[in-house]
Amino acid sequence: MNYLVLSETGLATARRLQNELGGVIHAYGKRVQTDDARPFEDVGAAIGDLFHGGEPLVALCAAGIIIRHLSPHLSTKHEDAPVIALAEDGTAIVPLLGGHHGGNALARDIGKILNLAPAITTASDTMFNVALDEPPQGWCLANPGDVKNFVATLRDGAAVTITGEADWLANSNIPQADSAALHITVTDEPSQGDGQHLVYHRRNLALGIGCERRTDGQEMIALIEHTLAEANLSPLSLAGLFSLDLKADEAALHEAAAHFNIPARFLDLATLQAQEDRLPNPSVVVKTEVGIAGVAEAAALSVGGELLVEKQKSKRATCAISRSSGIIDPNAHGQARGHLSIVGIGPGRADWRTGAAEAAIRRADIIVGYSLYLELIADLVKDKDCRAYNLGEEETRVAAAIELAATGQNVALVSSGDAGVFAMGALAHELLDRDDTPAHWDRISVELSPGISAMQAAALRVGAPLGHDFCAISLSDLLTPREVILKRVVAAASADFVIAFYNPVSKRRRDLLAIARDLLLRHRPEDTPVILARNLGRADEQITAMPLTHLQVDDVDMLTLVMVGSSETRARKRGDGTWSVYTPRGYAAKGTELIKEA
Ligand code: SAH
């Protein structure tokens, strides 16, 4: 969720809400000075960008401002993310868009915090005390496109005949009559519906699936579709796809779950074995292979209810369906496939984070990282379960993140810069690749999100020093022998690469940088530009440039990136005191002085 504020009053109101509901505050830089919000300069652009981000937007300003700026961005009703107008002083709230996609519910939550009644304007909510296109959890509307016409007729005074049982409809103010002009059907059978007829499905069917390794996803989907059609069941009544935990990394299961838009949940062997006596079609072969005489039937049965469809088979997959009397909560059965996001958060500034990295952090249930990095993303993780570790505890930290993911959680392991550059990405993959890696670790999904690495941030602060061939060398000798490091420095020096030195010094190791400088001086002019970029993107960022001969180890600490130019790199101090450092893409600049001051 995002808040957009234009004034200090709006900021104070947004903070009250943020304390309770989480979310990110975006503030108009010209009028609001604060460190805990993201600044923006153009109100219209900010509203458009936040709207397109797809998350609920609470704009603390006049509804007219929002309407004017959003009008070019509006699409069809069903795609709009919630947008809520909130008076800056928190005295009035109007859900403007996406009311039935969480907007009305959010406005009610905000109303509770601010002690005011939201101005809900969507017709069916106000007249009938029910949102027909937003049925309660566990219910699914088969024909959302027909709600508009249906509600229009309802508002004109028509009554409804309800077939089937649904408490939330029975308890609404919808006028009911036999043989009425409008019809609502509650069923688990497939049914089309139309503008006079809405069809709701209760999610009370459990789909149990078994399969061989690397089954084709399309084969599995076809089997499920065929089975549902034969039994005259709607896929919209499915609450989830259930299988054995050994299968958590089986791509076809996830492809099928995504196809039917249902969660996949994995049950342990003991849970399935508890159903062994109830299996109508036990198989000795399957029992010998996985320890239970039928995964599909046992999985469907273990979720509850009665077996509605016994085991059906395709070449490599099996499926069975059980029906429960009530709605099935898929989260109450087994666990999801665990997910590890390895996320680079960039050097520090919020606006140097990639959208993919932020999204991965927002999706995660648990955030694991070095305490300083967790502080740098405080705006994103306020309402999250954060596990902070000290510097140095890298393997413990990565192993903990993997183990948490292996218990079915969505875990984000955060790293500074890019997570694949001298960071946790490689260590995570290494831990997953060891001979003694526990089998349950290998069933999680792993994904890296891009981050801006320190060398990119250093480069963009001074110009374009990475404009031609470059390399990155870490001077950390904790895991790499010094001879190897120095061999690489010599090779990079003689090949005339621009070099980004990561980990230039540590508390214990201060000599390698001086040795590297002296090796480089054998190949490069004394006035080769060097950039020291300290605390990039953080509060006390410092950037300095100097000739290679003047590089002093005492000017460098662990939070510095040292960049040494090639023989082509030029550095010029501009009239305003900023540096323009660049490495020409060709050789046009040859022969001019390397460092110039205006
Ligand atoms: N994954 C990180 C690198 C981690 S290694 C990345 O892609 O940037 C740690 C080293 O990175 C530090 O010793 C320093 O040399 C450099 N570094 C990381 N963040 C930095 C920052 N904000 N400012 C300057 N240097 C930084």
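The values are calculated or read from the model by the stated rules, or taken from the named source; none is laboratory data. From a predicted model like this one, the values you see are computed outputs, not experimental measurements. In this analysis, Cβ positions are derived from the backbone assuming ideal geometry, glycine residues included, and neighbour counts consider all displayed protein chains. These accessible areas exclude ligands, DNA and RNA; they are computed on the full protein's heavy atoms, side chains included. Shrake-Rupley method; radii C 1.70, N 1.55, O 1.52, S 1.80 Å.
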**Report entry** One residue from Ile327, Ile377, Ile321 being touching a strand residue (DSSP E or B) at 6+ places or on another chain (Cβ under 8 Å) and modelled with pLDDT under 95
**Finding:** Ile377
Report task. Please work out which residue is surrounded by the most Cβ atoms within 10 Å (Cβ to Cβ), limiting yourself to region 1-45 and to residues that are charged (D, E, K, R) and part of a helix (DSSP H, G or I). Result -> Arg15
Query raised in the report: Under the condition of being polar (S, T, N, Q), open to solvent by 30 Å² or more (accessible area, probe 1.4 Å) and closer than 19 Å to Leu50 by Cα, which residue from region 65-121 is modelled with the lowest pLDDT?
Result: Thr76
Query raised in the report: Could you list, in sequence order, the residues of region 553-569 that are more than 10 Å from the ligand (Cβ to nearest atom) and open to solvent by 10 Å² or more (accessible area, probe 1.4 Å)?
Result: Val553, Asp554, Asp555, Ser567, Glu568
**Report entry** Candidate set: region 410-447, residues that are touching a Gly at 6+ places or on another chain (Cβ under 6 Å) and in a loop (DSSP other than H, G, I, E, B); chosen: the one nearest to the ligand (Cβ to nearest atom)
**Finding:** Asp418
Requested in this report: Of the conditions (1) in contact (Cβ under 8 Å) with a residue 12 or more places away in the chain; (2) of a type outside the set (Ser, Thr, Tyr); (3) over 28 Å from Ile292 (Cβ atoms), Asp167 clears all except one; give me its number.
Outcome: (1)
Query raised in the report: Among the residues of region 457-477, is there at least one that is more than 14 Å from the ligand (Cβ to nearest atom) and in a helix (DSSP H, G or I)?
Result: no
Query - Members of region 222-241 that are open to solvent by 10 Å² or more (accessible area, probe 1.4 Å) and assigned to a helix (DSSP H, G or I) - result: Ala222, Leu223, Glu225, His226, Ala229, Glu230, Pro235, Leu236
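Suppose we filter region 528-552 for residues that are open to solvent by less than 20 Å² (accessible area, probe 1.4 Å) and either at positive phi or within 15 Å of the ligand (Cβ to nearest atom) (or both); how many remain? Steps first, please.
Initial filter on region 528-552 (open to solvent by less than 20 Å² (accessible area, probe 1.4 Å)): 528-533, 535-537, 548, 551.
Applying the additional criterion that residues be either at positive phi or within 15 Å of the ligand (Cβ to nearest atom) (or both) yields 530-533, 535-537, 551.
Within region 528-552, residues that are open to solvent by less than 20 Å² (accessible area, probe 1.4 Å) and either at positive phi or within 15 Å of the ligand (Cβ to nearest atom) (or both) number 8.
When you look at Gly145, is it assigned to a helix (DSSP H, G or I) and under 25 Å from Leu205 (Cα atoms), yes or no? Steps first, answer last, please.
Values: assigned to a helix (DSSP H, G or I): yes; under 25 Å from Leu205 (Cα atoms): yes.
Against the criterion (assigned to a helix (DSSP H, G or I) and under 25 Å from Leu205 (Cα atoms)), Gly145 qualifies.
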Query raised in the report: Which ones in region 409-422 are within 18 Å of Glu395 (Cα to Cα) and surrounded by fewer than 22 Cβ atoms within 10 Å (Cβ to Cβ)?
Result: Gly420, Val421, Phe422
Query - Per-region count, region 127-169, residues closer than 15 Å to Ala180 by Cα, in contact with a Gly (Cβ under 9 Å, 6 or more places away or on another chain) and open to solvent by less than 20 Å² (accessible area, probe 1.4 Å) - result: 1
Query raised in the report: Hey, any hits in region 292-312 for a residue that's hydroxyl-bearing (Ser, Thr, Tyr), in contact (Cβ under 8 Å) with a residue 12 or more places away in the chain and part of a helix (DSSP H, G or I)?
Result: yes
Report task. Scan region 278-310 residue by residue and report those that are over 26 Å from Leu233 (Cα atoms) and open to solvent by 30 Å² or more (accessible area, probe 1.4 Å). Result -> Val284, Val285, Val286, Lys287, Thr288, Glu289, Val290
Report task. Please state which of the following conditions Asp527 fails to meet, knowing it meets all the rest: (1) closer than 25 Å to Leu374 by Cα; (2) part of a loop (DSSP other than H, G, I, E, B). Result -> (1)
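So which residues in region 352-380 are of a type in the set (Asp, Glu) and within 14 Å of the ligand (Cβ to nearest atom)?
Glu375, the sole residue that qualifies.
Name the one entry in Arg482, Arg488, Arg509 that is surrounded by fewer than 23 Cβ atoms within 10 Å (Cβ to Cβ), within 13 Å of the ligand (Cβ to nearest atom) and touching a residue at least 12 places away in the same chain (Cβ under 8 Å).
On the way: Arg482 fails: within 13 Å of the ligand (Cβ to nearest atom); Arg488 fails: within 13 Å of the ligand (Cβ to nearest atom).
One residue alone meets the criteria, Arg509.
Every residue in region 434-450 that is under 13 Å from Leu413 (Cβ atoms) and open to solvent by 40 Å² or more (accessible area, probe 1.4 Å), please.
Taking region 434-450 first, the residues under 13 Å from Leu413 (Cβ atoms) are 444, 446-449.
Selection gives Val446, Glu447, Leu448.
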Query raised in the report: Any residue in region 515-538 that is of a type in the set (Ser, Thr, Tyr), touching a Pro at 6+ places or on another chain (Cβ under 9 Å) and not assigned by TED's automatic domain parsing to the domain that holds Gly344?
Result: yes
Query raised in the report: When residues of region 313-327 are filtered for being open to solvent by less than 50 Å² (accessible area, probe 1.4 Å) and in a strand (DSSP E or B), how many remain?
Result: 6
